[in-house]
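K.L.:
After the structure tokens below, expect a handful of questions from me.
Since every read-out is calculated from the coordinates, none of them should be taken as a lab result. If you're wondering where the values come from, they're calculated on a predicted model, not measured in any experiment. No Cβ is skipped: glycine too gets one built from the backbone with ideal geometry, and neighbour counts run over all protein chains shown.
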Amino acid sequence: MTDYPTLTVVTHPLIQHKLTLMRDKTASTSDFRKLLREISQLLAYEITRDLEMTTKLIETPMTEMEAPVLKGKKLALVSILRAGNGLLDGVLELVPSARVGYVGLYRDEVTLKPVQYYCKLPDTLHDRLVIVLDPMLATGNSSVAAVDLLKAAGAKRIRFLCLLAAPEGVARMAEAHPDVPVVTASLDDRLNDKGYILPGLGDAGDRMFGTK
Ligand code: URA
């Protein structure tokens with residue numbers, strides 16, 4: 001439990017161990033990417049644990065049975081570019097028929113405010129569970145802007161999946177969108193004056209794509 005009612009921190013030992021390997025500044029780009037993919041699947045398992053189920057009649061080699069299957073429309077996964085793509089691949093492996101959208105937001109380095117440069121979403125969002133993917137919930141500015149945009153596009157049920165969250169970002173998201181649960185691997189200490197998470201892991205995009 002945390003002080004944040006919308007937040008779930010997944011404390012599974014495998015996630016925590018892999019996260020420590022990722023945080024280490026000596027981790028290679030390929031290790032970072034591989035670990036992110038693995039953790040994204042473990043987090044996806046958690047964020048989908050209460051999906052609605054129904055049954056369908058199948059025949060096993062032995063007999064007929066009413067077997068459990070997911071109910072309702074396929075999920076929509078929305079990656080916040082570019083770092084969200086590091087979570088997307090792993091989650092898509094678990095939920096291969098999910099619909100996928102992309103939102104491009106960059107953070108203005110001076111104001112720290114989000115600026116939208118790309119948006120392509122599945123055409124129906126109102127009757128799907130939408131999972132927003134961004135490894136770092138830092139100031140919350142871009143995450144809140146992405147959720148604003150998804151709600152404007154009709155999304156009614158939204159969840160937010162991230163690797164690390166700062167208290168500032170969780171509070172900002174809870175204030176703007178109290179109906180959006182946030183699932184993360186860690187609630188870190190705070191932000192620095194440039195809006196980076198401490199202790200954090202640095203710039204997630206640069207580390208996964210090897211751009212610095
Ligand atoms: N984005 C990152 O990649 N890292 C941070 O610490 C904060 C935002």
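K.L.:
Please figure out what share of the DSSP beta bridges in the chain is antiparallel and state it in percent, rounded to the nearest 5. Walk me through the intermediate numbers first.
P.N.:
Details: 15 of 39 bridges.
Among the beta bridges of the chain, antiparallel pairing accounts for roughly 40 percent.
K.L.:
In terms of modelled amide H atoms, which long-range or inter-chain residues lie less than 5 Å from the amide H of residue 129?
P.N.:
76
K.L.:
Pairs 71/156; 71/120; 34/151; 18/156; 73/120: which exceed 27 Å Cα-Cα?
P.N.:
Working: 71/156 17 Å; 71/120 25 Å; 34/151 32 Å; 18/156 33 Å; 73/120 19 Å.
Table pairs above 27 Å Cα-Cα are 34/151; 18/156.
K.L.:
Please give the calculated 222 nm ellipticity per residue for the chain, where each DSSP H segment of at least 4 residues contributes -39500 (n - 2.57) and the sum is spread over every residue; nearest 500 deg cm²/dmol?
P.N.:
Numbers: 6 runs with 69 residues, N = 212.
The per-residue figure over the chain is -10000 deg cm²/dmol.
K.L.:
What stretch of the chain, leaving out the sites themselves, is the longest with no GluC sites (Glu not before Pro) in a DSSP loop having at most 10 other Cβ atoms within 10 Å? Kindly include the intermediate steps, with their values, before the conclusion.
P.N.:
Details: sites that count: 52, 109.
Here the longest run is 110-212.
K.L.:
Now for a separate question. Most fluctuating residue of 89, 189, 123 in a GNM of the chain with Cα springs under 10 Å: which is it?
P.N.:
Judging by the Gaussian network model, the answer is 123.
K.L.:
Enter the Cα centre distance for the pair the stretch 9-39 and the stretch 112-174, rounded to the nearest angstrom.
P.N.:
When both Cα centres are located, 23 Å separates them.
K.L.:
In a GNM of the chain with a 10 Å cut-off on Cα contacts, which of 196, 102, 118 has the highest mean-square fluctuation?
P.N.:
118
K.L.:
Let me ask something additional. Where does the stretch 114-200 land on Rg/Rh, using Cα atoms and the Kirkwood Rh?
P.N.:
Reported Rg/Rh, Kirkwood definition of Rh: 0.98.
K.L.:
Once you have the Cα-Cα distance between residue 126 and residue 156, take 0.36 nm times their residue separation minus that, and quote the gain in nm to one decimal.
P.N.:
On the way: separation 30, 0.36 × 30 = 10.80 nm, distance 0.54 nm.
Extra length from residue 126 to residue 156 when fully extended: 10.3 nm.
K.L.:
On to the next question. How much length is gained if the chain between residue 3 and residue 100 is pulled fully straight, taking 0.36 nm per residue apart and subtracting their Cα-Cα distance, in nm to one decimal?
P.N.:
Fully extending the segment from residue 3 to residue 100 adds 31.7 nm.
K.L.:
Give the residue list of trypsin sites (Lys or Arg not before Pro) in the stretch 9-72 that are DSSP loop and have at most 15 other beta-carbon atoms within 10 angstrom.
P.N.:
Taking the stretch 9-72 and a limit of 15 other Cβ atoms within 10 Å, the loop trypsin sites (Lys or Arg not before Pro) found are 25, 49, 71.
K.L.:
Have a look at 95, 103, 183 and tell me which one the Gaussian network model of the chain (Cα, springs below 10 Å) gives the largest fluctuation.
P.N.:
Result for the chain, Cα springs under 10 Å: 95 fluctuates most.
K.L.:
For the stretch 1-54, compute Rg over Rh where Rg is the Cα radius of gyration and Rh is the Kirkwood radius from the inverse mean 1/r over Cα pairs.
P.N.:
On the way: Rg = 13.6 Å, Rh = 12.7 Å.
Rounded to two decimals, Rg/Rh equals 1.07.
K.L.:
According to a simple spin-label model (label point 7 Å from Cα along Cα-to-Cβ), what is the distance in nm between residue 209 and residue 24?
P.N.:
In this crude spin-label approximation the distance works out to 2.6 nm.
K.L.:
Can you classify the stretch 1-158 as rounded, prolate or oblate using the Cα gyration tensor, where a ≥ b ≥ c are the square roots of its eigenvalues, rounded means a/c under 1.5, and otherwise it's prolate if a/b beats b/c and oblate if not?
P.N.:
Oblate is the answer for the stretch 1-158, as a/c is 1.5 or above yet b/c matches or exceeds a/b.
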